[in-house]
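Here is the structure we will look at, set down as structure tokens.
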Amino acid sequence: MTQNNTGNSATLTVEGKSYTLPIITGTEGDKAIDISGLLQETGYMTLDSGYKNTGSCTSAITYLDGTNGILRYRGYAIEELAEKCLFIEVAYLLIHGHLPTRTEFDNFKYLLRRFALLHEDMIHFFDHFPPNAPPMSILSVMVNSLCNYYPEMGDDPLTNIDMTAARLISKIRTIAAFSYKKSMGHPLVYPRPDLNYCGNFLNMMFDKPVHPYTVQPETVAALNKLLILHADHEQNCSTSTVRLVGSAGVNLYASISAGINALWGPLHGGANEAVISMLKTIHADGNNFKKYIDKAKDKSDPFRLSGFGHRVYKTYDPRGTIIQEACDDLLLTLNISDPLLDIARQLEEIALNDEYFVSRNLFPNVDFYSGIIYRAIGIPTNMFTVMFALGRLPGWIAQWKEQQENPNTKIGRPRQVYTGEPAREFVPMNERG
Ligand code: CMC
């Protein structure tokens, strides 16, 4: 189902000699020229900095059409999943390839409840980070450390994979909430088996002995939607990192920890935090939109409009459309008026009517409005990218699992065109002047 070789082929002529290369066609019509034998046959490699046009794998998990703004997980439209599913249902779908039956869902829920606690020794780790340690750094360290406490994977990375996956999905929210509580100097709030996945997380974040937290269904629903929208996005930077690290045969925890570090970057998941700081700066600067639009267009200025543009989408990011609606709904329901939302809207309108952004197909992406929802929920800005990681985790797991299950997987090892010094003679130190 994942691919089919249509029998078509491409012809490449190098130095007057022609070579035939197979064409691979995906189930939705994606076409790729298979160049894996090119070096051996021709002596030429291909060069594609930033992998703008390089497929690193075939995958049956997520379909993305960036020209038409289509995103599907396992064949299901993102719009429908975001509207009708629970995040853990989508997590199951991504990892197992089908929506869970009632029994499968109950079993999965049981595992998530069973694995929600952290080993008490690990809780001491939090005491040894400096007070302002970035939450993404803490998250990657803690996730990596899980393999020391839960080493059930054995030598074969796929042993107990379903249990490890559930363990990770459950524990990551405990780690995230505990790291927040520790950073605030508040007592930890342990997971509650009576609460659902998102409600449990919010309760661990915000419940306090003197100010009990009431889990509100609207807030839970908004968080559930955001996590679904982030759950997978095929071969993006962090997912490719997970696969690259996984291709060396390393365990799931270590591979995911590497993905968390990749996601941290402001060009990737870190953009949601950067958007809020950009909107605050514009606000503090008297809503001087022109100044920031001009800065974003100025090639000598490193400033970019955070939350705008995407490597793959050349139209509206479908996730962004859903998030905008969810954002409006939540703020209305909670009766919150956030000045940053107005600034975001105005900035979007100006950019979408500016030739620079129009000609480059730069639209708001998933990160442009997500931060406003997180703010309304009460999540602090420095935790936004952690929230992205919570959402993306099932996708990383599914991609890692698919890779490990594929008997044709090879270690990831790109090539380079060397541009350094040609061979030269070694000069002993006392002769170097
Ligand atoms: N503001 C101003 N100019 C931009 C922006 C932006 N946000 N994004 C792209 N451009 C310009 C860029 O300067 C280039 O112009 P020119 O052709 O004149 O050199 C052109 O648009 C193409 O951009 P690129 O950098 O070649 O595109 P890319 O595919 O390498 O980068 C991107 C994609 C997302 C890194 C980039 O659009 C960007 O930096 N956006 C802001 C950061 C951001 O929002 N990241 C979150 C991405 S979505 C969530 C996720 O998947 O992580």
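With r as the distance between the Cβ atoms of Glu218 and Asp354 and R0 = 25 Å, compute the FRET efficiency 1/(1 + (r/R0)^6) and round to 0.05.
For R0 = 25 Å, the calculated efficiency reads 0.10.
Obtain the nm distance between the two label points defined at Glu41 and Glu79 by a simple spin-label model: each point lies 7 Å from its Cα along the Cα-to-C-beta direction.
Result for the modelled spin labels: 4.2 nm.
Distance in nm between label sites at Leu188 and Phe289, each 7 Å beyond Cα in the beta-carbon direction?
The modelled label-to-label distance comes out at 4.7 nm.
What shape does the stretch 81-407 have by the C-alpha gyration tensor, where a ≥ b ≥ c are the square roots of the eigenvalues, rounded means a/c under 1.5, and otherwise prolate means a/b greater than b/c and oblate the rest?
Values: a/c = 1.68, a/b = 1.41, b/c = 1.19.
It comes out prolate by the Cα gyration axes.
Only Cα pairs within less than 10 Å get springs; with that Gaussian network setup on the chain, which residue of Thr13, Thr58, Thr25 has the largest fluctuation?
Thr13
What is the dipole size for the chain, taken about its Cα centre, with +1 at each Lys and Arg Cβ and -1 at each Asp and Glu Cβ, in debye to the nearest 20?
Working: 39 positive and 46 negative charges, 94 e Å.
Value, rounded to 20: 460 debye.
Using a Förster distance of 45 Å, how high is the FRET efficiency between His98 and Glu421, based on the Cβ-Cβ distance and rounded to 0.05?
On the way: r = 55 Å, r/R0 = 1.22.
Plugging the Cβ-Cβ distance into 1/(1 + (r/R0)^6) gives 0.25.
Take the alpha-carbon centre of the stretch 308-350, take the same for the stretch 28-75, and report the distance between them in whole Å.
30 Å
Between the helical axis of 161-184 and the dominant principal axis of the chain, each derived from Cα atoms, what acute angle in degrees is found, rounded to the nearest 10?
60 degrees
With only alpha-carbon atoms counted, please give the Rg and Dmax of the stretch 2-65, in Å.
That works out to 13.1, 40 Å for Rg and Dmax.
Using only Cα atoms, tell me the angle between helix 339-352 and the longest principal axis of the chain; keep it within 0 to 90° and round to the nearest 10.
Here the helix axis deviates by roughly 30 degrees.
Determine how large the accessible area of Thr103 is when every protein chain is in place; take a 1.4 Å probe and give Å² rounded to the nearest 10.
Surface accessible to solvent at Thr103 totals approximately 90 Å².
Ignoring everything except DSSP H segments at least 4 long, calculate the 222 nm mean residue ellipticity for the chain; use -39,500 (n - 2.57) per segment, divide by total residues, nearest 500. Before the final figure, lay out each step's value.
On the way: 18 runs with 217 residues, N = 433.
Calculated mean residue ellipticity at 222 nm is -15500 deg cm²/dmol.
Take the solvent-accessible surface of the protein heavy atoms, probe 1.4 Å, and return the percent of it on the stretch 81-407 that carbon and sulfur atoms account for.
Solvent-exposed carbon and sulfur of the stretch 81-407 make up 53 percent of the total.
Given a Förster distance of 56 Å, report the FRET efficiency between His124 and Tyr316 from their Cβ-Cβ distance, rounded to the nearest 0.05.
0.75
Points 7 angstrom from Cα along the Cβ direction at Phe303 and Glu152: gap in nanometres?
5.2 nm
How much of the accessible area of the stretch 2-65, in percent, comes from carbon and sulfur atoms when a 1.4 Å probe is used?
47 percent
With the contact rule set at Cα under 8 Å and sequence spacing of 6 or more, what percent relative contact order holds for the chain? Walk me through the intermediate numbers first.
Working: 566 pairs, mean separation 82.4, N = 433.
Taking the mean separation of contacting Cα pairs over the length of the chain, I get 19 percent.
Angle check, please: helix 271-284 long axis (alpha carbons) against the longest principal axis of the chain (alpha carbons), in degrees 0 to 90, nearest 10.
Orientation of helix 271-284: about 60 degrees from the principal axis.
Hey, how many Å between the Cα centroid of the stretch 360-433 and the Cα centroid of the stretch 202-230?
First find each Cα centre; the distance between them is then 29 Å.
If you place +1 on the Cβ of every Lys and Arg and -1 on the Cβ of every Asp and Glu, how big does the dipole about the Cα centre of the stretch 2-65 come out, in debye to the nearest 20?
Numbers: 3 positive and 7 negative charges, 18 e Å.
For this selection, approximately 80 debye.
If I stretch the segment between Leu117 and His211 completely, what's the gain in nm (0.36 nm per residue apart, minus their alpha carbon distance), one decimal?
Working: separation 94, 0.36 × 94 = 33.84 nm, distance 2.27 nm.
Between Leu117 and His211, full extension yields 31.6 nm more.
Cut-off 12 Å, label point 7 angstrom out along Cα-to-Cβ of Thr381: give me the residues of the stretch 326-340 whose amide nitrogen falls inside.
Only 340 fall inside the zone, counting backbone N under 12 Å.
The values are calculated or read from the model by the stated rules, or taken from the named source; none is laboratory data. Please read these numbers as outputs of a predicted model, since none were measured by experiment. Methodologically, a virtual Cβ is constructed for each residue, glycine included, from the backbone with ideal geometry; neighbour enumeration extends over all protein chains shown. All accessible areas refer to the heavy atoms of the entire protein, side chains included, with ligands and DNA or RNA removed. Shrake-Rupley method; radii C 1.70, N 1.55, O 1.52, S 1.80 Å.
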